[in-house]
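Colleague: First, the structure itself, so that you have it in front of you.
Derivation of every value follows stated rules applied to the coordinates shown; laboratory data play no part. Everything quoted here is computed from the prediction, not taken from an experiment. Because the Cβ atoms are built from the backbone with ideal geometry, glycine has one as well, and the counts that use them run over all protein chains shown.
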Amino acid sequence: MTLSHESPAHGRVLALDVGKKRIGLAISDELGITAQGIETLERSRIREDLEQLKQIANRWSVRTLLIGKPLHMSGAESRQSQYTAEFAERLQRHVGLPVIFWDERLTSTEAERRLREAGASLEDRKKAVDRIAAVLLLDSYLEYRRNAEAVEEENRFG
């Protein structure tokens with residue numbers, strides 16, 4: 001399982017904000033420039049969840065799975081971190097794609113804030129927060145990757 005920030009050069013990235021009840025999803029464009037939210041997966045049984053995620057990955061021609069790593073504000077692992085790691089391992093085996101973990105601290109908080117500011121009702125916020133958190137997670141990763149590529153390019157050509 002890939003634990004670094006490295007991924008294939010290009011191709012779609014599917015971001016997952018994994019929760020016990022729902023999995024927020026976001027997908028990048030093929031060039032890895034933009035992120036957009038897609039349907040939120042309502043959890044059922046683990047096998048069904050894995051199969052649905054495999055179908056989504058196939059439908060979008062995904063090359064990399066980006067999974068939010070839930071950490072405490074101190075950076076320490078949380079109980080949810082272990083659950084997410086176990087889920088990611090099963091997902092990688094089932095889907096056969098590289099998995100990258102990405103710090104998801106404050107993504108749900110920021111998603112809630114944005115939805116409140118947009119005037120979304122409590123019910124609408126509950127439906128959208130996981131998807132928005134996945135978009136924020138993916139945006140953060142794509143920005144990191146663009147910056148890393150720019151630095152590498154600058155170092156190569158001075």
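Colleague: Mind checking the dipole of the chain: about its Cα centre, +1 per Lys or Arg Cβ, -1 per Asp or Glu Cβ, Debye to the nearest 20?
Modeller: Roughly 620 debye for the chain.
Colleague: Using the count of nearby Cβ atoms within 10 Å as a rough guide to exposure, how do 108, 74, 28 rank from fewest to most?
Modeller: 74, 108, 28
Colleague: Which whole-number percent gives the relative contact order of region 12-157, counting Cα pairs below 8 Å spaced six or more residues apart? Walk me through the numbers on the way to the answer.
Modeller: On the way: 223 pairs, mean separation 44.7, N = 146.
Relative CO of region 12-157 lands at 31 percent.
Colleague: Which residues make up the longest stretch of the chain that has no trypsin sites (Lys or Arg not before Pro) in a DSSP loop with at most 12 other Cβ atoms within 10 Å?
Modeller: Answer from the scan: 46-158.
Colleague: Would you mind giving the average projected area, over all directions, of the Cα convex hull of the chain in nm² with one decimal?
Modeller: Values: hull surface 40.4 nm².
Approximately 10.1 nm², given one-decimal rounding.
Colleague: Karplus couplings for region 115-125 from phi (6.51 cos²θ - 1.76 cosθ + 1.60, θ = phi - 60°), rounded to Hz, Gly and Pro as x?
Modeller: Working through the residues one at a time gives 5, 4, 4, 7, x, 5, 5, 4, 5, 5, 5 Hz.
Colleague: For residue 67, list long-range residues whose amide hydrogen, built 1.01 Å from N in the peptide plane, is under 5 Å from its own amide hydrogen.
Modeller: Under 5 Å from the amide H of residue 67 lie the amide H atoms of 16, 100, 101, 102, each far enough along the sequence or on another chain.
Colleague: I would also like to ask the following. Quick one: Karplus J couplings for region 132-139, per residue in order, coefficients 6.51, -1.76, 1.60, θ = phi - 60°, nearest Hz, x for Gly and Pro?
Modeller: 5, 4, 5, 5, 4, 4, 5, 4
Colleague: Collect residues whose amide H, placed 1.01 Å from N in the peptide plane, falls under 5 Å from the amide H of residue 78; neighbours closer than 5 in sequence don't count.
Modeller: Close amide H contacts, sequence-distant or interchain: 72.
Colleague: Rounded, prolate or oblate: pick one for region 79-158, where a ≥ b ≥ c are the square roots of the eigenvalues of its C-alpha gyration tensor, a/c under 1.5 means rounded, and failing that, prolate if a/b is larger than b/c, else oblate.
Modeller: It is oblate, given that a/c is not under 1.5 and a/b is not larger than b/c.
Colleague: Right, here's the next one. What is the set of long-range amide H partners of residue 105 at a cut-off below 5 Å, with H atoms built 1.01 Å from backbone N?
Modeller: 71
Colleague: Through the Karplus equation 6.51 cos²θ - 1.76 cosθ + 1.60, θ set to phi - 60°, convert the phi angles of region 24-30 into ³J(HN,Hα) values in whole Hz; use x for Gly and Pro.
Modeller: Result, rounded to whole Hz: x, 10, 9, 10, 8, 6, 5.
Colleague: What is the sum of charges around residue 130, taking Lys and Arg as +1, Asp and Glu as -1, for the other residues whose C-beta is under 12 Å from the C-beta of residue 130?
Modeller: +3
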